[in-house]
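Chemist: Handing you a structure now.
Bear in mind that the values in this text are calculations on the coordinates, not laboratory data. These figures come from a predicted structure and were not determined experimentally. Note that we place each Cβ from the backbone using ideal geometry, even for glycine, and neighbour counts take in every protein chain shown.
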Amino acid sequence: EIASTYKKIQKLSGRRLKEAERRERGKLRDEAKLLRKELRAKEEKAVRDVVDGANVVVCTNVKARDWYIRHATFDAVVLDEAAQALEASCWVPILQTPKVVLAGDPFQLPPTVLSPEAAAGGLTVSLFERLHTKFKDRVCQLLDIQHRMHESISRWSSTEFYEGRLRCHETVAHHLLVDLEGVEEAEETTT
C-alpha cells in the first residue's frame, strides 16, 4: 500500500504540464500534498506496528527519543556499555520503563568528552560509574569470569582493577597464540 502511494506521487510529480493543464497545477499540488500526508501516516503506522509487536527493541540511547519509540512502553531497558555513555543520554530510555539494567565496566573507557569545560563540569563520569562508586556490590554484580585472555595477562587487570576477583575461563586460561590455526611456533607465540 505504501509503495502504491509512492507511485501515485511520482506519477503526479513527473507530469509535464501543458498550457491548458497549468490551471490545474494547484489542484495537482493539493492532491500530491494529500498523498504525501497519507504516505507519512501509513509509514508511521507500519513502524508503530513493528515496534509494538516486537519482543525486543534495540536502539541507541538517543534514538529512544524518536517518535516511534518514545511513546512505547517497555518492561525493562538494558543499557549496554553504560560506563561509556554520557549520563544525559542514559536518561532518555530510563524514563520509559520501570526497570533498568546497566551493563558495563567502570574500569574501562569512560564517556568521550572533548570539551575541557564539560569535562571539568563532571561529564566524564557516567551514571554507571556514579552508581558503582556510591553503592558498590549492593547494586552491582561483577561478571568475574573472563573469556578473552590468557591468565598471565588477565592476572594484572584482575589485581589492578578487580581486587583479584577476576578469573579466567578454562578455555582461555592457558590458550597461547600458537594454538590458533595458521600461527607458527616461535618464542613469542609459545609463552
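Chemist: Show which aspartates and glutamates lie in cross-link reach of residue 42 when reach means a straight Cα distance below 18 angstrom and same-chain residues fewer than eight apart are skipped.
Modeler: Those aspartates and glutamates meeting the cut-off are 1, 31, 52, 66.
Chemist: Additional query: I need 59, 168 ordered by Cβ neighbour count within 10 Å, fewest first.
Modeler: Fewest-to-most Cβ neighbours within 10 Å comes out as 59, 168.
Chemist: Take the Cα coordinates of segment 142-191, assign each an equal point scatterer, and use the Debye formula without solvent to give log10 I(q)/I(0) at q = 0.19 Å⁻¹.
Modeler: -0.62
Chemist: Another question, if that's okay. Measure nothing fancy, just the Cα-based angle from helix 25-53's long axis to the longest principal axis of the chain, in degrees from 0 to 90, nearest 10.
Modeler: So the helix axis and the longest Cα principal axis differ by about 30 degrees.
Chemist: Using a Gaussian network model on the chain with a 10 Å cutoff between Cα atoms, which of 164, 121, 26 fluctuates the most?
Modeler: Highest fluctuation of the listed residues: 26.
Chemist: Given 0.36 nm per residue, what is the gain on full extension from residue 32 to residue 190 after removing their alpha carbon distance, in nm?
Modeler: Full extension of this stretch gives 49.9 nm more.
Chemist: Any idea what Rg and Dmax come out to for segment 56-141 if you just take the C-alpha atoms, in Å?
Modeler: 13.4, 38
Chemist: To continue, here is another question. About the Cα centre of segment 52-109, how large is the charge dipole given +1 on each Lys and Arg Cβ and -1 on each Asp and Glu Cβ? Please answer in debye to the nearest 20.
Modeler: Taking the Cα centre of segment 52-109 as origin, the dipole is about 180 debye.
Chemist: Cut-off 10 angstrom, C-alpha nodes, Gaussian network model of the chain. Which of 31, 151, 181 fluctuates the most?
Modeler: Among 31, 151, 181, the largest mean-square fluctuation in the Gaussian network model of the chain belongs to 181.
Chemist: Which order do peptides 132-144, 78-90, 96-108, 38-50 fall in by mean Cβ count within 10 Å, highest first?
Modeler: Packing order, densest peptide first, comes out as 78-90, 96-108, 38-50, 132-144.
Chemist: Per residue, how big is the convex hull around the C-alpha atoms of segment 48-102? Give it to me in cubic angstrom, could you? Numbers along the way, then the final one.
Modeler: Values: hull volume 3.9 nm³, N = 55.
Cα convex hull per residue, to the nearest whole number: 70 Å³.
Chemist: Against the longest principal axis of the chain, how steep is helix 151-161, in degrees 0 to 90 to the nearest 10, with axes from Cα atoms?
Modeler: 80
Chemist: If we restrict to alpha carbons, what Rg and Dmax does segment 27-78 come to, in Å?
Modeler: 14.9, 50
Chemist: Please list, ordered by chain and number, the residues whose modelled amide H lies under 5 Å from the amide H of residue 77; skip anything fewer than 5 residues away on the same chain.
Modeler: Hits under the 5 Å cutoff: 99, 100, 101.
Chemist: So what's the back-of-envelope 222 nm ellipticity for the chain, counting only DSSP H runs of four-plus at -39500 (n - 2.57) apiece and dividing by all residues, rounded to 500?
Modeler: Using -39500 (n - 2.57) per qualifying helix, the result is -13000 deg cm²/dmol.
Chemist: Once you put a point 7 Å from the Cα of residue 134 and another 7 Å from the Cα of residue 176, both along the Cβ direction, what distance in nm separates them?
Modeler: 4.9
Chemist: Considering the values (1) 37, 15, 12; (2) 53, 25, 17; (3) 43, 20, 14, which represents semi-axes √(5λ) of the Cα gyration tensor in Å as calculated for the structure under consideration?
Modeler: (2)
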